[in-house]
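Comments concern the structure below.
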Amino acid sequence: MNVMILEKHSSLLGYQDETTKPLMANHHDVVKFSSPDDPNYKAVRNALRSIVKTFRCSRSDENESGKDIEIIQKWLGVTGLPEEDLISLRSVRKAGTCEHLLQKPKFEDWVNGDSPHILWAHAPPGSGKKRSLSNMLQSVAYQIAVENESFRQALVEVAKSGIHVDKADAMTVWRNIFVSKLSAIGSVLCLVIDGLDESESSGTFIDLVSNSSMSQSSIRVFIFSRPLSSINQAIQRARKRVTITDITLTDNLKDIRLVAADEMEDFLSNEGLEDFKHDIIEEITSRSQGNFLWASLILQMVVDCHRQEEVKQVLRATPDGMVKVYHGMSEAIAKIDRKENIRLCRILLSWAMYSIRPIRIEELMDLYPSEFHTIIDLKHTISEVCGQFVVINTRDQVVLPFSLDMCHVNEELLFQCLNFLCNLSLKIKVRQRKTPMFLSYASVSWAHHLNRSSVQSDRVLEILVQFFNGIPLPWIQSLAMNEHLSHLVAVSSHLMSFVRQRRKINAIKTPALLCSPELSLLETWANDLMKMTAKFGSHLIDDPDVIYKCIPSLSPENSMFYQKYSKISSATISISGISITNMNWDDCLARVSNGPDSALHIAVSAEYLAVANGRPNGRIQLQSGSLLACYCLDNTYVWRVKDRTVITKIESPRQERPKCLKFGLDESFLIIATDTRRVYRLNLDDNSSTWVGFDHSLLEETSIPEGAFVNSPSSADFNPDSTQIAVAYLNFPLAVWNLDPPEIISRCRQNGNQGQTVKTISWTGVNRVVWHPFNGQVLGINRLGDIFKWAPIDDSYKEVKRELDNWPSEIQCCRNGLSFATSDSKGSVRIYNYSQMVQIYKLTSDDIMTAIALSPDSRRLYDLRVSCYNVWQPDCLIGVDDTSIDSFDNNDSVTSSERTRIDCSASDLDEQCDSMFSSPTSEVHADTKPMITAVATCAKNKNIFAHATDDGTKSISRGRTRQILFDSKSERLLVCGTERLQVLRVADGSIAAEIEIDQADPPAQWDNHPTDPNILLSFTVGGVTALSWDALKFKYTVSHKLAPIASRHHL
């Protein structure tokens, strides 16, 4: 038998990344195999499996990246994707333009420089060079995330932590996204910002981008704007912090000539008209005076002409300068005489000018079918009837403004939005997920138009009453489906503001209408929307249908949800047989018991809530969250959240008790101040084995005022970027120190009392001190119980005397900087407006309060009692109270009736607060009880948190609740979580039985046995398993697997 062994190259096809595999076969049986055990079959199968695996991994990475980008897009609230704008702009880009700018030495220095650099190009309006600054920053963050994987992953972590930025101001967006995350970008970042002068706060952007975070990153910013004085002043301030170069753009006639020549290329293609075309181009260029807008408008009119005389007539009739051009365009609109065209013109101009985003033609067709469906050429008609003030862009959106009465137009747009939402067919369409295109605009924008409509308009009141007397649940459901529930808070705020202003008007004009039932209806709905969102928001996001099935029955009896919808057929639960203590919504979202333990510390991040008790064998309870640190007298422990194992044990500074513990901005280190006036730092990135102390001269006082003495600090707090520390003493003035190099920055000395001389400036010891999150001021409580704020930079000082019945002991400032809260040991909590230092909320209780904390989104207040902690959401923290309308004298007061209130269970929380219990496994022992607790804003990829207990007992939860089920006698309740399965006794809530759930097992659906009340059935894809109700003991399994099919082996 003749055998030929071929060389490898003769079998290759030459494809990129081609996979080769040698086989023992000839041409006849190379793809034929005798059995699955054939060596050739195994070789080909394994090669194919390797290729498929590689392809799947590649696709998996792409899918994961796409999911991250989608998460970031929703989190930032980016609707119109920048890619679409970029495609649109590229289509009109003209080759050869802007070369004079790119060739300037200043531009080359900006591009090729090694240090952070801002280049400012300024020119008159319309020279080719509004918008919300926060929206712009969100869009920039999205664009960076799309291109840079490290930045994308950092933003995903922040998004998952629960921080909200989609409705935040520019300062909050910059602080949460850019300040701590720019370091994640390893390469040079170039930002080009066009039209900065059209922003509502152009100077703010320059102040933000030139701060200290820019000097620590490779960022270069190119700004185009008009030379406004506000921008120039901001530029001058920024020159002290970063390199800034400015360029004046005046020579752009060459670019205008290129654009004109390009537009005229196809219009006048006849060679005999070259001289005529050249004259037209030169005339347009010279008369433009460098204004691109004027030139582009004239070119549009010229290319629509059909004869040379028409072109000359257009040029003769068109005045120089944009003001006269605008007058001509408005006169063209005034000449419209047909009623149909007048109405069409008003519709288009109204939406183009006052919609909160560009509106699509398809959306307008939903609202005005008779006006739009009969038009032959829509783009041409719109340009004609609107005098070129309105055009259709490349995405079929109506753009460009024209002056109309703001209140009247917004009233009409409000009417159209609410009239659309009142449509009875909308409920069916939403539930079938067949939503009309205009629903996305109407559902989130009508409150914006309400806020800009006239409060005195009876038509506005009528349409609001009609909407809320109808069926607003489909609207809420659609918001939940698109994860836009935050708009309900804005609606509540605007609705309450409307009611208050309307009542003031009625009190003056018609006092009899002060108690109008229509206004009472709207006020009730405003309160319901706010409270419902707070209590059930997360459940609505998970299942938007619960707005029909569960929420009405679980709402208070006096709420509109309960009164109108609790008895509807789609409701799946009803409540009876219990005494309802609260007929109305209250501010308490949850109350969770600590059991027999006395809690000492509470710490809150956007995702985590941690509570530490004071027993020698105490434990820390962790419900959900981010990076947690706990410092003990002897040791500090570092745990990994995912597997709950200790990864580091750090010895704490010997016999030093903590006064303040804080994470760095990028969560890369911990920093602590102790009772011995020492400051230490622990780096988490380099697996450091010890706390590193700062210079011994830090916090050492060399000059002691008369009557003062230095002892252990009463309080200390680090500033937001952990570069300074404020230290308070009971018998020594409050001081602010710089950490590195160690030097005192300022010492607080209050202004003397009336009648005192300048030489007798007084000071008072301080009990508590905290930093404002971003303005450089500190808040505190002095020894007399008075509250104060002090600016170390200019030594400005403002004080609020304490009330007779109030001696505050704790103080915390909201992350948004708008308010702060104090508490006293008697159980009282007060919230103050920061700027005015005026009390806006008061909560009283008979229980002793040990600590308070505020959520990172500044919307919730947590108070820690001896045996429980409470979660509160006052209206004043979420924007319902319109202080510009109502006086601060009418402070909200809430009395906690905790002696008669039933303790909250897991189902009462809008975020999953799982029941806590001790597990005997994975024990790690510590030598002392927890001393202090802190929580970072978000975690890194490793999800590290520090934790310490005396006996190492860990608190673990049953995880997210999947299902609950009563037994046949309603004596026991099955609670199925993602981590544990529990049977609770209904009588006292105690645990009758529990088992751990294997995460590898498929999810199960639980039900009672149809005939045996003692058996519990678990239904999975593999079969039915029977367990006992009393002890969750296994009984038997019934499999419903299909019979195996004979296997076949083919390649």
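Counting the residues of the range 452-468 that are within 16 Å of Ile505 (Cα to Cα) and surrounded by fewer than 20 Cβ atoms within 10 Å (Cβ to Cβ) gives 7.
Listed here are the strands (runs of 3 or more DSSP E) enclosed by the range 174-251 that have at least 1 residues being on the phi < 0 side of the Ramachandran plot, more than 26 Å from the chain's Cα centre (by Cα) and at pLDDT below 75, and there are none. For Gly817, the conditions (1) in contact with a His (Cβ under 8 Å, 6 or more places away or on another chain); (2) assigned to a strand (DSSP E or B) all hold with the exception of (2). For the range 240-259, the candidate set comprises residues that are in contact with a Lys or Arg (Cβ under 8 Å, 6 or more places away or on another chain) and more than 12 Å from Ala121 (Cβ to Cβ); within that set, the residue that is surrounded by the fewest Cβ atoms within 10 Å (Cβ to Cβ) is Leu258. Among the residues of the range 52-71, the ones that are surrounded by fewer than 12 Cβ atoms within 10 Å (Cβ to Cβ) and either at pLDDT below 80 or assigned by TED's automatic domain parsing to the domain that holds Gln138 (or both) come to 13 in all.
Do we find that Leu414 is in contact with a Ser or Thr (Cβ under 8 Å, 6 or more places away or on another chain), more than 13 Å from Ser453 (Cα to Cα) and modelled with pLDDT of 90 or more in this structure? Taking the combined requirement at face value, the residue does not satisfy it.
In the set (1) surrounded by fewer than 19 Cβ atoms within 10 Å (Cβ to Cβ); (2) within 30 Å of His117 (Cα to Cα); (3) not aliphatic (A, V, I, L, M), Phe224 fails one condition alone, (1). Among the residues in the range 749-759, are any assigned by TED's automatic domain parsing to the domain that holds Gln812, modelled with pLDDT under 90, out of contact with any helix residue (DSSP H, G or I) (no Cβ under 8 Å at 6 or more places or on another chain) and among the aliphatic types (A, V, I, L, M)? The answer is yes; a qualifying residue exists. Being within 12 Å of Leu182 (Cβ to Cβ) and of a type in the set (Gly, Ala, Ser) is the filter; apply it to the range 146-164 and report the residue that is farthest from the chain's Cα centre (by Cα). Top of the filtered list is Ser150. Every test in (1) within 22 Å of Pro552 (Cβ to Cβ); (2) assigned to a helix (DSSP H, G or I) is passed by Asn423 save one, and that test is (2). Tell me, yes or no, whether the range 278-291 has at least one residue that is over 19 Å from Cys98 (Cβ atoms) and assigned by TED's automatic domain parsing to the domain that holds Val140. No.
Yes or no: Leu1032 in contact with a Leu (Cβ under 8 Å, 6 or more places away or on another chain) and not in a strand (DSSP E or B)? Yes: the conditions hold for Leu1032. Checking each residue in the range 778-797 for being surrounded by fewer than 20 Cβ atoms within 10 Å (Cβ to Cβ) and within 33 Å of the chain's Cα centre (by Cα) picks out Ala791, Ile793. Looking at Tyr841, is it closer than 23 Å to Thr172 by Cα, hydroxyl-bearing (Ser, Thr, Tyr) and either modelled with pLDDT of 90 or more or surrounded by fewer than 21 Cβ atoms within 10 Å (Cβ to Cβ) (or both)? When the stated conditions are applied, Tyr841 does not pass them.
Quick grid of which residues meet (1) at pLDDT below 95; (2) within 30 Å of the chain's Cα centre (by Cα); (3) in a strand (DSSP E or B):
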{"position": "Leu670", "(1), (2), (3)": "yes, yes, yes"}
{"position": "Thr676", "(1), (2), (3)": "yes, no, no"}
{"position": "Arg681", "(1), (2), (3)": "yes, no, yes"}
{"position": "Asp685", "(1), (2), (3)": "yes, yes, no"}
{"position": "Leu699", "(1), (2), (3)": "yes, no, no"}
{"position": "Val710", "(1), (2), (3)": "yes, no, no"}
{"position": "Pro733", "(1), (2), (3)": "yes, no, no"}
{"position": "Val736", "(1), (2), (3)": "no, no, yes"}
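Pairs only if they're at least six apart or on different chains, beta carbon under 9 angstrom, first in the range 361-378 and within 17 Å of Cys417 (Cα to Cα) and modelled with pLDDT of 80 or more, second hydroxyl-bearing (Ser, Thr, Tyr) and not in a helix (DSSP H, G or I); list them, first residue then second. If the second residue must be hydroxyl-bearing (Ser, Thr, Tyr) and not in a helix (DSSP H, G or I), no pairs are left. Just the residues that are outside any strand (DSSP E or B), of a type outside the set (Phe, Trp, Tyr) and at negative phi, please, taken from the range 827-865. Once the filter is applied, which keeps residues that are outside any strand (DSSP E or B), of a type outside the set (Phe, Trp, Tyr) and at negative phi, the range 827-865 yields Ser828, Ser835, Gln836, Ser845, Asp846, Asp847, Ile848, Ser855, Pro856, Asp857, Arg859, Arg860.
The values are calculated or read from the model by the stated rules, or taken from the named source; none is laboratory data. Quick caveat, the model's predicted, so the values are computed rather than measured. Quick reminder, even Gly has a Cβ in these numbers, built from the backbone with ideal geometry, and neighbours come from all protein chains shown.
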